[in-house]
Amino acid sequence: MKTIKKCEQQYNISISVKKSDNDQNSVSSLSQQFSSLQVTNNSKGYQWYYKVNPSDSNYGDRHDKVNNLFAFDTHQNDQIEAHYKKCCSNKTFGEYTFITGDQNQVQNGFKYAVWGSSSDSTQWYEMNLKFLTKRQLMRRQGSQIHTVSTVLMPSTQSNKNFQKQVYQVTGTQTQISNFEKQLQAFYDNPVNHNTTIVLKHYPNCLNNKVLLNELQKLATNQFRTSFEINDANIIKITGENYYEAKQRILEIIDFANKFVVPPTWENFSKMTDTNLLVCSIKRDSNEWTEIENQFKQTMSSYKIQNIERIQNKRLWRVFTVENQDVADRNNQNSAQTLMLYHGTGQNSPKLIYDGEEGFDMRYSNEGMWGKANYFAQNASYSHGYRHKIQNRTYQMFFARVTVGQNIKLESDTTLKMPPMNGNQSKRYDSVQGYTKGSNVFMIYANKKAYPEYLITYYR
């Protein structure tokens, strides 16, 4: 009975086998074998189900394929059963209870209202409180005949609170032998080990092709599972290691969605475990070409040796929060940002891209527009403040800067912050000036610029 032991371990169930006296011929399918073998769930109590439709992501995994029913997980089932018994005892039908939704022991983030109009369980319903979708429920006694999909309903082995389901298999020696063969075939088929992730719950990841390509490689190479995305943006993971693959993929998706990372970021598996990655950009990529073309508009006699993308979770997060704060103050959906150059002079660029504040105006010198973080539209301007790393090799940042609502001013060394914005009770977000053939932008606060790229160049 090695296969039964495997299934018990994999699916956190218990299967006991009891022989009967009458021998019969073998049957062809596992579902038929279960019926003839009287596979019984001996778990105490009742099981609640909800109606699923062909358009639902879990339709293919429904436990009752005749009536199109999906079984609730244990703690949801217990809550509904307790409310049902209370309503039956107190005659308080129509009273609502509220539960948190989940699937395969993983919470899906939704809240549901559950109620019924009588003791007839087919008159009970649940409603998704976000989408206001209503589903019919059904209650069945826990001890009953089960199909294979119900017996092998996946569950996490690490969930200590999961109630183990107990099944008794009763049949002749021939029947039991055939049952084990069919069970082995079921267990060995990777199609029977699968799960789904609904991408619409992670809107900031939907169109991130770099992220999704990495997730596919991760599922295939590390966990040896398949990874498919359908037109409804539902990821399906199939293979014996589907559960481990899903947990790792969810960890990465949660990070990417939370931080609203740029579409160019990569190496997401590493980013979940570290704050900073410095990634060299490939020369034949569109990303390299766009940066190089912009750089050479004013630096045509120089050649780019390397472009590094700075992926700093903390600095990016505070930048996006500040950017949204500027947008909110200006009653806009997003604040104006520009890609601008910045030279660090004698200071190592690492002090900025791996520092606590990023661009820190406390270390800025007094300039033509006072003490501020200075950024230039032309690379040739920032070349005057270049950081030298060796003979004729230099570095400068190509940064993403929140300029918001800015005002053009002549040079004024007394400036400490932008002036008031007309008759409004707020200041401009930045100051724009012109010097040495370039537009320049002055930012009088930290966290409004992100060191997105470090360009190393030479002549």
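Before moving on, here are some points about what is shown:
- Listed here are the strands (runs of 3 or more DSSP E) enclosed by segment 358-404 that have at least 3 residues being in contact (Cβ under 8 Å) with a residue 24 or more places away in the chain and polar (S, T, N, Q): 393-402.
- Residue that is modelled with the lowest pLDDT, among those in segment 443-453 that are in contact with a Lys or Arg (Cβ under 9 Å, 6 or more places away or on another chain) and more than 20 Å from ARG309 (Cα to Cα): ASN446
- Count of segment 115-135 residues which are touching a helix residue (DSSP H, G or I) at 6+ places or on another chain (Cβ under 7 Å), in a loop (DSSP other than H, G, I, E, B) and surrounded by 12 or more Cβ atoms within 10 Å (Cβ to Cβ): 1
- Tallying residues that are closer than 14 Å to ASN58 by Cα and part of a loop (DSSP other than H, G, I, E, B) within segment 191-236 yields 4.
- Members of segment 425-450 that are assigned to a strand (DSSP E or B) and under 16 Å from ASN378 (Cα atoms): GLN432, GLY433, TYR434, THR435, SER438, ASN439, VAL440, PHE441, MET442
- Residue in segment 289-300 that is in contact with a strand residue (DSSP E or B) (Cβ under 6 Å, 6 or more places away or on another chain), under 30 Å from LEU218 (Cβ atoms), among the aliphatic types (A, V, I, L, M) and assigned to a loop (DSSP other than H, G, I, E, B) present: no
- Selection from segment 385-402 of residues that are surrounded by fewer than 19 Cβ atoms within 10 Å (Cβ to Cβ) and within 16 Å of GLN294 (Cα to Cα): none
- The residue pairs whose first member lies in segment 283-306 and is over 14 Å from SER380 (Cα atoms), whose second member is of a type in the set (S, T, N, Q) and in a helix (DSSP H, G or I), and whose beta carbons are closer than 9 Å, counting only pairs six or more residues apart or on different chains, are ARG283/THR289.
- For segment 368-384, the set of residues classified as of a type outside the set (A, V, I, L, M, F, W, C), surrounded by 17 or more Cβ atoms within 10 Å (Cβ to Cβ) and out of contact with any His (no Cβ under 8 Å at 6 or more places or on another chain) consists of GLY370, LYS371, GLN377, ASN378, SER380, TYR381, HIS383, listed by residue number.
- Selected residue (only one of ASN323, ASN286, ASN312 is in the same structural domain as ASP360 (by TED's automatic domain parsing), under 23 Å from ASN207 (Cα atoms) and in contact with a Leu (Cβ under 6 Å, 6 or more places away or on another chain)): ASN312
- Condition check for SER143: in a loop (DSSP other than H, G, I, E, B), at pLDDT below 90 and under 21 Å from ASN68 (Cα atoms): yes
- Taken over segment 205-244, the criterion of being under 15 Å from the mean Cα position of the chain (by Cα) and at positive phi is satisfied by ASN233 alone.
- Failed condition for MET417, given (1) in contact with a Phe, Trp or Tyr (Cβ under 8 Å, 6 or more places away or on another chain); (2) under 21 Å from LEU454 (Cβ atoms): (2)
- Qualifying residue in segment 344-351 (condition: within 28 Å of the chain's Cα centre (by Cα), buried (at least 18 other Cβ atoms within 10 Å of the Cβ) and touching a residue at least 60 places away in the same chain (Cβ under 8 Å)): no
The values are calculated or read from the model by the stated rules, or taken from the named source; none is laboratory data. Keep in mind that this is a model prediction, so the values were computed, not measured. Neighbour counts run over all protein chains shown; Cβ positions are idealised from the backbone, glycine included.
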